[in-house]
Every structure is written in C-alpha cells, then in structure tokens.
Amino acid sequence: MKKIITLALLATMATGAMAQEKADENKPVFTTIKQLPITSVKDQNRSGTCWAYSTLSFFESEILKKTGKSYDLCEMFVANKDYMERAELTVRMHGDSQFSQGGSAGDVLIIIKNHGICPETAMPLPGTMQGDSLANFNEFFSVMEPYVAAVAKSSAKKISNQWKPGLQGIINAYLGECPEEFVYEGKKYTPKSFAASLGLNWDDYVSITSYTHHPFYTAFPVEVQDNWRWDRSYNVPMDEMMQIIDNALANGYTIAWGGDVSEEGFTRKGLGIAYDTKKVQSLTGSDAARWLRLTSTEKKSKLDSLGVNAPEIVPTQEMRQERFDNWELTDDHGMHIYGLAKDQNGKEYYMVKNSWGEYGDYKGTWYMTKAFVAANTMDFLVNKNAIPKEIRKKLGI
C-alpha cells in the first residue's frame, strides 16, 4: 500500500509539473522593439474620462518629442469645458443628443483650440472637491444629468439662460473652476497662452478610421454617441489604418487610440488578444455543445489560460463593418499607443498606456496584438506628419 501511495504521489507531482510547464509556456515574455517616451500613468478612477486622460497623455508625448519638456496637463479643465458645451447642445436639441460622461479625442483637441489648457497644478486635483484623492463622478453625474434633462425636456415655449450659470456652478463644485490666469514656473499665463507656449501646432492632428459605409479617402463623422460634436475622421482601408500606426511608431510618434475593450480578449492582467473562440474550443477539448454549456466565467478562464498561445482571428474589412453595424464593435475606451514589443513566439504587440493607475501585470501598460487593434479600433488621433506620404496624398492632407 505504501508503495502504491508513493507512486500515486509521484504521478500527481509529475502531472502538476507538466501543467506548470504548460502554463509557463503560455505566459507572455515580452521583448521591447520600440518604446517612445510617455509621462507617468494616471488613474481616472470612477470617472468616464478615459478620452481626456488618453488624449492629454498623447499630447504630453507630442510635447516631449517636440521640445523635450515634460508636462502634466489638466484633465478636469477639459472635462469642465466639455460637459458645459455638451449640455448646451443637449438643450439645443431638446434632449435628442446624449448627455453622458464619455467623449472622444476630438473633444480634447477642440477644447484646447477654443479654450486653451492649463497644467494639473492650476486646478484642484481630481476628487479633492469631494474630499477624495481621485476622480469620482458618481454623485456628480447623478446631480448633473437630471438637471440637464429638466431643461432639455422642458415644456416651456421659451427657456431662460439662467440654467447655464446654474449648471456651471454644479460643474465647478465637483471639478473645480477653470482658471482665467495662473502662474506656472514663475510665469503668468492664460489657458490660451499656455497652450500656445507648448510648442505644438494644433492643426497638425487628424482622426483616422476604417469603414466601408463611407467612401475611402474621404472624411466623415463616425456614428457613435460620444462623437456628439460630429467631429470628422479620415476613412482609409484597414490595412492602411494599421500602416499608419506602424509608420507613426517607427518615426517617433504615438497614437491616441479609441476602441472596443469589452471583448473577451481584453484581460484585466494587461493583454489584448483577438481570440478565435472556435479554435480555442478544440484546443481546450470542448466541442461546440459543451462550450455553449460553460458559464461566461468558465469560458474566459479557458481562453485566458492559453495566454500568448491563444489562437487569433484574422481581421478583415468586412468583419469590422459587420461588427460595427450589429453593435458588437463599440466605442468604450480611450488609451495611448506608445510602443511595439514581441512575445517569445515572435508575435508583435502594441504597448498601450491605460488610465487605470498602475493596474495589471505591467503596471498600467497593456500589450495588445495587432489583430486585436485591427479588429477593435473605432478611430484614433495622430499627428498628420506621422502618416505615410502616399496615404496623405490620397487624403489630400
């Protein structure tokens, strides 16, 4: 009996060792190919302001590239101005324009062009107006949304303008008041003069997308609710969209990316993989019927366990369009692409700065495969000088 127990124990240990070896094979080992300078990772916390954090991070990298200077630009300045302008449109449209926390990279660029920008030190830190250490919009929007809706849906034949200072008071109470003047490094600025001092040409930035319901090499407003300004993006084929990203990184430019991270392959550990679930079924020993019986948690566990060896789909233009039209491809997060890496199998990943603090296995960076980015990009903001000359010529920019 003792011999049997010993043999069983050895077999168990061997099986465990094999399982561990398999798990280690699936764990990513990344080698950096290209890494461009970025500023520190921020935390948007309980606020739907990824669009502000990612785009200002992008502009901070643009300033680093152009001048070598590092800045911490103020997300709450942008949010303060943007929410007021979004409320004005919602009222003008009698409530038929969505009023919410979300936004786009275009919002940030337009706010800077029209209002300027200030450093983080010129306004209260996010959350401090409520005694918190980080942004928390739960109470803020529960107060602001019904206020805007009450005005926008009013049955009055004529409304007064008094709702505007009332709403601005709410915004200022939660986000802080935007300064008209401030001192930075011993010099006095207005937000507009500060924006002008940063060394960037704000007309250099364009948005890129890729869909077939509009002609290629034209510009159109991507039809998502958070593009409430109807800001236009240049439309290129998917392959050229990816070529723009690669050309930008190769030439020292980063990208303010907006897209879909609700897919199963966007893991909380810091990976973005475009899972091919049909191939995963066979790899995990699950036929279609058995796979369908698994809970979503069980499916995700099996998918994630394959790590870098998980099979991926091959994105196509047709697939992107179908997913956009049937609401699968959504616009739910903004991040900052700043580098390129490869795993132990040689597969390439974009290095992407998130705004959830130093979260995940890579302390705020996500590694997203090229297939994931091709499949899940809604649009992105980039310096037009980062676009290959032949594509710029087609776009007329």
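Data for the structure
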read-out: Complete set of residues in region 297-320 that are open to solvent by 90 Å² or more (accessible area, probe 1.4 Å) and outside any loop (DSSP other than H, G, I, E, B); value: T297, E318
read-out: Condition check for G339: assigned to a strand (DSSP E or B) and touching a Cys at 6+ places or on another chain (Cβ under 7 Å); value: no
read-out: In region 40-68, the residues that are of a type in the set (V, I, T), open to solvent by less than 50 Å² (accessible area, probe 1.4 Å) and within 20 Å of A386 (Cα to Cα); value: T55, I63
read-out: Any pair with Cβ under 6 angstrom, 6 or more apart, that starts in region 325-351 at a residue that is aliphatic (A, V, I, L, M) and ends at one that is at pLDDT below 95 and assigned to a loop (DSSP other than H, G, I, E, B); value: none
read-out: Residues satisfying the stated conditions in region 217-263, i.e. over 20 Å from I337 (Cα atoms) and either free of Cβ contacts under 8 Å to residues at least 40 places away in the same chain or aliphatic (A, V, I, L, M) (or both); value: T218, A219, F220, P221, V222, E223, V224, W230, R232
read-out: Counted residues, region 323-346 - those being open to solvent by less than 50 Å² (accessible area, probe 1.4 Å), within 27 Å of H213 (Cα to Cα) and acidic (D, E); value: 1
read-out: Single condition G166 does not satisfy, out of (1) more than 30 Å from the chain's Cα centre (by Cα); (2) on the phi > 0 side of the Ramachandran plot; value: (2)
read-out: Residue satisfying condition, being surrounded by 14 or more Cβ atoms within 10 Å (Cβ to Cβ), out of contact with any strand residue (DSSP E or B) (no Cβ under 6 Å at 6 or more places or on another chain) and not in a helix (DSSP H, G or I), within set S207, S154; value: S154
read-out: Verdict on G131 being open to solvent by 10 Å² or more (accessible area, probe 1.4 Å) and modelled with pLDDT under 95; value: yes
read-out: Flag for V261 being within 25 Å of T55 (Cβ to Cβ), at pLDDT 95 or above and in a loop (DSSP other than H, G, I, E, B); value: yes
read-out: Unmet requirement for G95, which otherwise passes all of (1) more than 16 Å from the chain's Cα centre (by Cα); (2) open to solvent by 30 Å² or more (accessible area, probe 1.4 Å); value: (2)
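Yes/no matrix, rows are residues, columns are (1) open to solvent by 10 Å² or more (accessible area, probe 1.4 Å); (2) touching a Lys or Arg at 6+ places or on another chain (Cβ under 7 Å); (3) of a type in the set (D, E, K, R); (4) more than 26 Å from M319 (Cα to Cα):
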{"site": "D361", "(1), (2), (3), (4)": "yes, yes, yes, yes"}
{"site": "Y367", "(1), (2), (3), (4)": "yes, no, no, no"}
{"site": "K370", "(1), (2), (3), (4)": "yes, no, yes, no"}
{"site": "K389", "(1), (2), (3), (4)": "yes, no, yes, yes"}
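The values are calculated or read from the model by the stated rules, or taken from the named source; none is laboratory data. Owing to the predicted nature of the structure, the values given are computational and were not obtained by experimental measurement. Because the Cβ atoms are built from the backbone with ideal geometry, glycine has one as well, and the counts that use them run over all protein chains shown. Only protein heavy atoms, including side chains, enter the accessible area calculation; ligands, DNA and RNA are left aside. Shrake-Rupley method; radii C 1.70, N 1.55, O 1.52, S 1.80 Å.
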